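Report on the following structure.
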Amino acid sequence: MFTAASFRVGDRVTIRSGQSIPQSIATVERYTEGGRCMVLSDGSEWRADGRRQWSFRGSYYKGPVVEPFEQGDDEFVARRRVVGALRKFGDSLTMDSALSTEALQRILDAVDKEKAAVKK
């Protein structure tokens, strides 16, 4: 278990989901409530040990937690966001989309080129 001493102002931290999957990266900005509440750069407030959000009310908690930043967390978060954006982009495409056929073909060509590079 992490203690308030585990997180110092300025430390990079990873907010992980209940399944221990990195959700986002933030920085510890300050402590409030006499050191019991940690405020992150994204504006969220957590208990100083990072175990639960400060404003949470309940007896059982299996939600996101704050943990020390680990190598590769930022790459995972970036990849997750890109995949999500591409899924959202693809889901909103219709025959009436504002993008021209040429623009859509350039996007498809870039995806095909990158997929071919990975296979080599």
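Once backbone amide H atoms are built at 1.01 Å from N, Thr27 has Val13, Ser41, Asp42 as its partners under 5 Å, excluding neighbours fewer than 5 places away on the same chain. Helix 73-92 and the long axis of the chain differ in direction by around 50°, with both axes built from C-alpha atoms.
Taking 7 Å steps out from each Cα toward its Cβ at Arg80 and Ile107 produces label points 2.4 nm apart.
Each of Ala98, Ser41, Ile15 was scored by the projection of its Cα onto the charge dipole of the chain, and the greatest displacement toward the positive side belongs to Ile15; charges sit on the C-beta of Lys, Arg, Asp and Glu.
The largest-to-smallest principal axis extents of the Cα set in the chain are 59, 35, 25 Å. Residues in region 12-19 carry Karplus couplings, in order, of 7, 10, 10, 8, 10, 6, x, 9 Hz; the curve used is 6.51 cos²θ - 1.76 cosθ + 1.60 with θ = phi - 60°, and Gly or Pro positions show x. When all alpha carbon pairs of region 74-119 are counted in 10 Å bins from zero, the resulting P(r) reads 23, 44, 30, 4 %. Compared with the dominant principal axis of the Cα atoms in the chain, helix 101-119 is inclined by about 70°.
Any read-out appearing in this document is the output of simple, stated calculations on the displayed coordinates, not a laboratory observation. Keep in mind it's a predicted model, so treat the numbers as computed, not measured. Quick reminder, even Gly has a Cβ in these numbers, built from the backbone with ideal geometry, and neighbours come from all protein chains shown.
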